[in-house]
Every structure is written in C-alpha cells, then in structure tokens.
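First up is the structure itself, then whatever we jot down about it.
The values are calculated or read from the model by the stated rules, or taken from the named source; none is laboratory data. This one's a predicted model, so the numbers in the text were calculated from it and none came from an experiment. Positions of Cβ are generated from backbone atoms using ideal geometry, with glycine treated the same way; all protein chains shown enter the neighbour counts.
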Amino acid sequence: MGFGMRAQKFRISRASATSSVRRSLPWGALPALAVLALGACGRSDLGPAPSATPPLDCSGIDTQTDNDNCGACGNVCSALAPSTATCALGRCLVTLASGDDYAGIAGGATAVYWTTYGGGTVMKVPIGGGSPTTFAAGQDTPDGVAIDKTNLYWTSYDLDATVMKAPIGGGTPTALATGQVFPENVAVRGTFVYWATWESYGNNGKVMKIPVGGGTPTTLASGQKHPESITTDATSVYWGTDDAVMKVPIGGGTPTTFVSAQNVYGRVAVDATSVYYCTSTGDTNAGVVIKAPVGGSPTVLASGDPAYIALDGDSVYWTDVDPSGGSNGTVMKVPIGGGPTTILASGQDGPDRIAVDETSVYWTTYNDHSTGGGMSLMKLTPK
C-alpha cells in the first residue's frame, strides 16, 4: 500500500472513531477530549511556541527629546502634515497651524477653532493636526470665541460690532447681537451667550447676555471699567475689571464685588468652589495667579508674568510671557489646591490665549514677536 493510500485510510479511520466517540459522549466532555487529542497527536515539527515580544530597549535614548520615545519608551510623537511635532520636555509639542495674528481659541471634540484678528476669519484644524480650513470668512476683526456641543460663537472687536454664531458642523454664520461696542471675550452656558463690551473705550463697560437662539440682548451690568474677561458657573457671571473680580446672578440682579484685585488680566476661570484669575502688579510687569474660594480669602498659587489662564478638574494652566519681551515665555500649570509649578513648554515667544481639553493644552504664540512675524497655534500632550 502506497503512502498516499495509507494516509487516506488513517484519516477515514480517525474520522470514524471520532464520530463514534462524539455520539457516545455528552457535549460537556468534548472540550476536554479536544484538548487531550491535541496534546497526544499534535505535530512536533512546528517547533516551540513563539516567545513574547521583547521589551523595547531605550538605553542611551533621551526620552525628553526623542520623537519615537517621547516621555516613555515607544511613545511616538507625531502629527498629520502640514502640522509638525517635536518632543520637548518629554511631552509631544505640535505646531497645529501658523499664519495670521491669532486672537481667541476654543477646543472642540474633534477640532480646535481660532480667530484671526487681522485676517477677518474664523479657522479650524483637527486636533490631531492636518490642513487648517476656513470656518467663517469676511468677519470684522473677530476676537473672542466659545463653543458648546452645537455651535461656535465669536465676537468682532470694533466700535459697531456683532456677536456671531455658526453650527460647528458647518453652515452660514448668523448675528446674535449687533451694535455692540468693542465686545471682546465671550462665554456660553446652557441656553445663553455672555459677553462684555467696552463702552466709552472701557470706562463704561457692560456685561451682556442673549439666548443662543437669538432675541433681545439683556444688560446684566453697566459702568464697568475695562471688563477684560467673562465666565459663568451655574448661578453667576464673573468678569475682571481694573480693580476687582465682579459677579452678577445669571438671571439678572445687582452686580457685586467678588474680590478686590488690582489689574485683573486675561481670562477669569471658575469651578464649583472658587474663582481663578491673573493680576498684573505695578510697573515691574510681575503678576500672580490667584485662587479665591467662595466665602474665603484669596490665595496666590504662582507668581510670574501670567497672561491668560484655563482650568480643568486638577490644575490651573496659564501662559507666562517673557517680561523682557523676548522668546523665553512659558506655558505653566499648578495644582488647583496649590503646590509646585510645572513648566509644560518653554521658549515661547509671547504666548497668549490658552485652552485645555481632557488630554492636551492649546495656546497661541508669536513666531517672532519683535518683527510681527505671524503667530502659531500650539498643542501639548500630555498636559
């Protein structure tokens, strides 16, 4: 009998035996039988089972600067072109976009949005990098920007200006409010949009609100001196002035001084228990980042030259400018309960507006502040 005939006869014989056993055993016994059969009849010519992938060897690699091992062995720092990425201080620093004079920024679930003050546009770029696209063109000096789950909102900073909105999925921008005097920062919460104006060039500023669906603007406060920023919590609206952080109920009422503070600058941020803000102190161009609990005394969290701040559940983030006007600015963070500060990014030229999401921090910075050589939108991961 040839080898082929013997092999065929063996397969038929084994199949018959297996069929017989299968009919005589309950279903629960079949897995054990299968394991037994493989153990007894498994081929020995396949060699030993492959071993686990050996661990990466990062000996001699600087994980603070290596793009393929950024912050940890095997952690790749990259971005979709034309955005660029580099490993800096063990974090992935991405230049998302470069171009005109950027003003406000806001982070969404899939994209980052910003306004170009001189370019008259609202722009967007995917959070992973890629080619920027124009979200809205033909805008008159767009400045502050805010976002919710449905729309993007922005202001135009001019004597006869507007508060605008457009669907984040794309669509025609519409004016929520017109005839506003130098509106700058804008905030959105629930069913209302809030902003501050600089009536009489800031000597008689107002705090305003309007439904997100449109309607008649409501004045929440007037007679404010240079209202610089605005934010909200569930019950109140907060903003900074030349000498205080102010608040007013979101439904309207009498504005009150939340805390006296000299030269409140940049964005005011708020969580469930406290308000956070930056101040500038005198001619030295030195400032502080402050936490003011509701009903408590203000606490200095950090000193430096803070510009704008952002907040998450763990830390306060801010852009810190170079007091000499050079390119030694930084992006910083400190725990909301206080503690040591951390330099997230250094060598920044005039870092300005800032935003955070669950994983990253975003900010704008000049390419060359001394020559006005445009600005860049930056991203750092992890924050």
Has segment 226-239 got any residue that is hydroxyl-bearing (Ser, Thr, Tyr) and over 27 Å from the mean Cα position of the chain (by Cα)?
no
Does segment 84-115 hold any residues that are over 18 Å from the mean Cα position of the chain (by Cα) and buried (at least 21 other Cβ atoms within 10 Å of the Cβ), and which are they?
Cys87
If I filter segment 305-345 down to residues being closer than 20 Å to Leu89 by Cα, of a type outside the set (Val, Ile, Thr) and touching a Gly at 6+ places or on another chain (Cβ under 8 Å), which single residue comes out as surrounded by the most Cβ atoms within 10 Å (Cβ to Cβ)?
Trp318
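Scan segment 258-269 residue by residue and report those that are assigned to a strand (DSSP E or B), of a type in the set (Gly, Ala, Ser) and either crowded, with 16+ Cβ neighbours inside 10 Å or modelled with pLDDT under 90 (or both). Steps first, please.
Filtering segment 258-269 down to residues assigned to a strand (DSSP E or B) leaves 258-260, 264-269.
Okay, now just the ones that are also of a type in the set (Gly, Ala, Ser), so 260, 266, 269.
Selection gives Gly266, Ala269.
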Looking across segment 164-198 at residues that are in a strand (DSSP E or B) and of a type in the set (Val, Ile, Thr), the single one that is farthest from Thr134 (Cα to Cα) is Thr197
Given (1) of a type outside the set (A, V, I, L, M); (2) modelled with pLDDT of 90 or more; (3) farther than 24 Å from Gly107 by Cα, identify the lone condition not met by Gly373.
(2)
Being modelled with pLDDT under 80, surrounded by 10 or more Cβ atoms within 10 Å (Cβ to Cβ) and in a loop (DSSP other than H, G, I, E, B) narrows it down to one of Leu46, Leu56, Leu36, so name that one.
Leu56
Filter segment 199-241 down to the residues that are farther than 19 Å from Ala261 by Cβ, among the acidic types (Asp, Glu) and part of a loop (DSSP other than H, G, I, E, B) and list them by number.
none
In segment 334-364, what residues are under 14 Å from Gly99 (Cα atoms) and at pLDDT below 95?
none
